[in-house]
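Notes to accompany the following structure.
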Amino acid sequence: MSKKFLTRFPQFLLVVFVVSITMGGLSSCKSNKKLARDKAAAAYAAKVQQAKTDLTAMLNGTTQWTLDEQLKRLDVIKSYNIDDQEVKDLIVKVENKLDAAKAETARKAEEKRLREAEAAKKQAEQARFANIDRNLENIARSNSYDEANQKIAAALRLFATPDVPVLIIISQAEGFNDYDRPTTASKFLNYLKDQKAYRYRVESVKKDENGKITELELLKK
Amino acid sequence: MKNLIYSILFVLGIFMVLPVSAQDNLSPDRKQAVDSLALEKVRDLSKYITIIGSKGTPWSEANRVIDRAEELFMQGSEIGVSSLLRPKIAYYGVRQYFERLMRLNYNKVEIEWYKIDYVSDLQRQPDGTFVGVITVFQKFKGYDKEGRLIYQDTTKKDITVYVKRKETQIGGRLIGFWDVLLGDIRVKETSK
């Protein structure tokens with residue numbers, strides 16, 4: 001070995017060392033990036049899988065989430081903009097299903113509101129008709145013909161004429177009224193006297209401009 | 001031409017049958033309401049008979065009640081009258097029966113109807129009328145001036161009931177109602 005080589009050997013070692021370090025560092029950086037890419041791909045795949053699972057559960061109705069929770073989850077999944085045909089199809093189906101459920105919920109809420117309003121109206125009307133009910137019940141409770149006839153005469157003053165129609169509802173099944181044969185105020189009041197029982201409640205009353213009853217509708221209890 | 005006539009007749013036939021079919025589909029709830037209505041008419045009659053027969057009923061009231069009772073019946077209906085004292089059952093027109101009942105030759109009369117129930121359920125007939133038979137038991141007691149029971153019997157009677165859906169206009173509204181009419185009252189058995 002020449003003396004020249006021996007004097008430059010440490011410099012040579014340094015160059016080899018620097019090249020090795022540089023090459024090693026480059027290779028390590030390259031593998032870190034790949035790792036990160038793989039990690040991101042795995043996370044995305046998991047996100048897609050979770051989206052499919054959640055959407056399928058919502059579609060099949062097997063989730064425990066409320067409708068609001070499902071709508072929020074659907075919005076989150078849509079915000080991912082997942083480029084997967086299966087997810088896109090599921091989003092459309094779930095969207096349709098949740099829209100229908102939303103409409104159904106709104107319909108039920110409206111029905112409930114109307115029912116409650118109707119019940120409140122009925123209750124208010126019944127309170128308004130309590131006086132008529134009391135008059136009719138008192139006739140049925142009379143102890144003698146004279147007493148009953150006096151009460152009938154008083155009650156008839158509430159009516160426009162003794163021939164005012166009295167309608168008796170015997171059934172309200174299937175959303176419409178079935179009636180007994182229509183009668184008149186006079187006949188009905190005498191009927192209460194004869195039968196000694198009042199098994200009705202006033203359902204509706206029509207009055208004229210003088211406040212006299214022109215039509216009485218009763219519901220059989 | 002012949003085919004056209006047949007077609008018109010067929011369509012007309014369908015329109016004639018449709019309302020009847022609608023009645024066929026009476027829901028159990030509505031049918032029960034109609035059944036109860038017919039039973040109630042018989043109970044009303046029972047009360048009227050007690051009032052008419054009672055010697056304590058003022059004459060004017062009895063006559064008014066006869067009018068109401070008569071309205072419960074189909075025109076031309078008959079009511080059977082039996083007695084333990086004679087084998088033959090006599091049949092009277094409704095009004096005549098009530099007038100006789102009002103003038104019975106007792107000082108006091110007690111009439112009670114019980115076990116009022118269907119023996120044959122209301123069945124729809126081809127013309128849309130529902131027809132059924134209700135059985136009642138009548139306990140009759142007649143007393144003399146001294147308050148002694150001088151005659152009593154128990155009679156089993158069958159009452160035919162007819163129920164028909166009708167419509168009428170009231171206050172500009174079309175009202176669909178069930179018209180219940182009683183038919184003949186036949187005596188089935190009479191015992192002490």
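The values are calculated or read from the model by the stated rules, or taken from the named source; none is laboratory data. Keep in mind it's a predicted model, so treat the numbers as computed, not measured. Glycine gets a Cβ as well: all are built from the backbone with ideal geometry, and neighbour counts include every protein chain shown.
Taking the condition under 22 Å from B:Tyr92 (Cα atoms), away from chain A (no Cβ under 11 Å), buried (at least 17 other Cβ atoms within 10 Å of the Cβ) and modelled with pLDDT of 95 or more, does B:Ile51 pass?
When the stated conditions are applied, B:Ile51 does not pass them.
Does the range A:79-98 contain at least one residue that is part of a helix (DSSP H, G or I) and in contact (Cβ under 8 Å) with a residue 40 or more places away in the chain?
Yes, the range A:79-98 contains a residue that is part of a helix (DSSP H, G or I) and in contact (Cβ under 8 Å) with a residue 40 or more places away in the chain.
Which of the residues spanning the range B:154-192 are closer than 16 Å to B:Glu78 by Cα and within 14 Å of chain A (Cβ to nearest Cβ)?
Correct list: B:Val161, B:Tyr162, B:Leu181, B:Leu182.
Which ones in the range B:171-187 are surrounded by fewer than 16 Cβ atoms within 10 Å (Cβ to Cβ), over 20 Å from B:Leu122 (Cα atoms) and either in contact with an Asp or Glu (Cβ under 8 Å, 6 or more places away or on another chain) or among the aliphatic types (A, V, I, L, M) (or both)?
If the condition is that a residue be surrounded by fewer than 16 Cβ atoms within 10 Å (Cβ to Cβ), over 20 Å from B:Leu122 (Cα atoms) and either in contact with an Asp or Glu (Cβ under 8 Å, 6 or more places away or on another chain) or among the aliphatic types (A, V, I, L, M) (or both), then B:Gly171, B:Leu174 are the ones that fit.
If you take just the strands (runs of 3 or more DSSP E) that sit entirely in the range A:137-221, which of them hold at least 3 residues that are under 24 Å from A:Gln123 (Cβ atoms) and not hydroxyl-bearing (Ser, Thr, Tyr)? So that I can check it myself, show each step before the final result.
Details: elements: A:165-171, A:178-180, A:200-207, A:213-220.
Counting at least 3 such residues, we get A:165-171, A:200-207, A:213-220.
Looking at this structure, is A:Phe9 aromatic (Phe, Trp, Tyr), part of a helix (DSSP H, G or I), exposed (fewer than 10 other Cβ atoms within 10 Å of the Cβ) and not assigned by TED's automatic domain parsing to the domain that holds A:Tyr80?
When the stated conditions are applied, A:Phe9 does not pass them.
If A:Asp38 meets every condition in (1) modelled with pLDDT under 90; (2) in a helix (DSSP H, G or I) apart from one, which number is that one?
Every listed condition holds for A:Asp38 apart from (1).
Is it the case that some residue within the range A:126-133 is within 12 Å of another protein chain (Cβ to nearest Cβ) and crowded, with 17+ Cβ neighbours inside 10 Å?
There is no residue in the range A:126-133 that is within 12 Å of another protein chain (Cβ to nearest Cβ) and crowded, with 17+ Cβ neighbours inside 10 Å.
Every residue in the range B:106-127 that is surrounded by fewer than 14 Cβ atoms within 10 Å (Cβ to Cβ) and either part of a loop (DSSP other than H, G, I, E, B) or touching a Gly at 6+ places or on another chain (Cβ under 6 Å) (or both), please.
Hits for the range B:106-127 are B:Ser120, B:Asp121, B:Gln125, B:Pro126, B:Asp127.
Suppose we keep only residues that are among the small types (Gly, Ala, Ser) and away from chain A (no Cβ under 11 Å) within the range B:55-82. Which one would you say is farthest from B:Lys41 (Cα to Cα)?
B:Ser82
List every residue pair whose Cβ atoms sit under 7 Å apart, with the two residues 6 or more apart in sequence or on different chains, where the first one lies in the range A:105-119 and is polar (S, T, N, Q) and the second, anywhere, is at pLDDT below 95.
Short answer, once both residue conditions are applied: A:Thr105/A:Leu67.
Can you give me the number of residues within the range B:24-80 that are part of a helix (DSSP H, G or I) and of a type in the set (S, T, N, Q)?
Going through the range B:24-80 one residue at a time, the tally reaches 6.
What are the residues in the range B:82-105 that are over 13 Å from the mean Cα position of the chain (by Cα) and surrounded by 18 or more Cβ atoms within 10 Å (Cβ to Cβ), if any?
B:Ser82, B:Tyr97, B:Phe98, B:Leu101, B:Met102
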